[in-house]
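A.B. asks: The structure's right below; bear with me while I get my questions together.
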Amino acid sequence: YCELVKHYDYAWFEMQHATLEFADIEKMIAACPHAGAIPMIRLPDAQEFHIQHATDIGALGIVVPTVDDADRAREAAKWARYPPAGRRSAGAGQAMRIWGIDGINYRQTINDNMLVILQIETPIGAWNSYAIASQPGVDVLLASNGDMGNFSGYATTDPQYQLLFTQVHDAVLRAGKFLGAVTYT
């Protein structure tokens, strides 16, 4: 891990489909926290438990899959940041020790440095993408082509499939947020 992160902007820890546990990721982040890559964790959901564990161990970004509505978007943003912007508790863990160095007050700076990324993977998520992207604290929407095909039943060449991505694209830009794409080959 420490050798690889020297060469990338971010490290994506996979907890939705992998067997990684928080303790595994915590050890990797602690081994070389300032090696270059920003640690981000894709969680299985937007629950307080998962998001606070991820942030307490030092993740600077969370990725929440299969976001269908503004409620789930608000949950993700709410638990990723401290008050007044969010509802993250003071917590414990290594985040403050890793990122609160050289005169940096982690508690005072993390709200501006936390990245909340939500994946749009279903037609209903695409239809609601403006409401999702408009939530305070949401930074990026990822349009995910593999699961969009899975959930919609459309082939990637189908005009209806393309329309779903156009909806996400237009909504995210209208909301003033960042748009990314996840592609599967």
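The values are calculated or read from the model by the stated rules, or taken from the named source; none is laboratory data. Every value quoted in this text rests on a predicted model; they were computed, and no experiment measured them. All Cβ positions, even for glycine, are placed from backbone atoms using ideal geometry, and neighbour counts span all protein chains on display. Quick note on the areas: whole protein, heavy atoms, side chains included, nothing else; ligands and nucleic acids left out. Shrake-Rupley method; radii C 1.70, N 1.55, O 1.52, S 1.80 Å.
A.B. asks: So, with a 1.4 angstrom probe, what is the percent of accessible area on the chain that is carbon and sulfur?
C.D. replies: Reported share for carbon and sulfur atoms: 55 percent.
A.B. asks: Still on this structure, please answer the following. What residues have an amide H closer than 5 Å to that of ALA143, excluding those fewer than 5 places away on the same chain, when H is modeled at 1.01 Å from N in the peptide plane?
C.D. replies: Long-range HN contacts for ALA143: ILE120, GLY180, ALA181, VAL182.
A.B. asks: How big, in percent, is the set of alpha carbon pairs in segment 1-109 lying more than 17 Å apart? Let's see the in-between values first.
C.D. replies: Numbers: 3103 of 5886 pairs.
The proportion of pairs with Cα distances above 17 Å equals 53 percent.
A.B. asks: Using the basic label-point model (7 angstrom from Cα toward the beta carbon), what is the ALA181 to ASP158 distance in nanometres?
C.D. replies: Placing both labels 7 Å beyond Cα along the Cβ direction yields 1.9 nm.
A.B. asks: In addition: Rolling a 1.4 angstrom probe over the protein heavy atoms, how many square angstrom per residue are accessible across the chain?
C.D. replies: About 50 Å² of surface per residue is accessible.
A.B. asks: Further question: With +1 on each Lys and Arg Cβ and -1 on each Asp and Glu Cβ, how big is the dipole of segment 92-179 about its Cα centre, in debye rounded to the nearest 20?
C.D. replies: Numbers: 4 positive and 7 negative charges, 51 e Å.
Its charge dipole is roughly 240 debye.
A.B. asks: Taking square-rooted eigenvalues a ≥ b ≥ c of the alpha carbon gyration tensor, is the chain rounded, prolate or oblate, where a/c under 1.5 means rounded and, failing that, a/b exceeding b/c means prolate?
C.D. replies: Prolate is the answer for the chain, as a/c is 1.5 or above and a/b outweighs b/c.
A.B. asks: Over the chain, what relative contact order in percent results from Cα pairs under 8 Å that are six or more residues apart?
C.D. replies: 17
A.B. asks: While we're looking at this one, here's another question. Give me the aspartates and glutamates in straight-line cross-link reach of LYS27: C-alpha distance below 20 Å, same-chain residues under 8 apart excluded.
C.D. replies: The reachable aspartates and glutamates, counting only those whose Cα sits under 20 Å from LYS27, are GLU3, ASP9, GLU14, ASP56.
A.B. asks: State to the nearest 20 debye the size of the charge dipole of the chain about its Cα centre, where the only charges are +1 on K and R beta carbons and -1 on D and E beta carbons.
C.D. replies: Once rounded to the nearest 20, the dipole reads 520 debye.
A.B. asks: Averaging the inverse of every distinct alpha carbon separation and then flipping it gives the Kirkwood radius. What is it for segment 77-185, in angstrom units?
C.D. replies: This gives a value of 15.5 Å.
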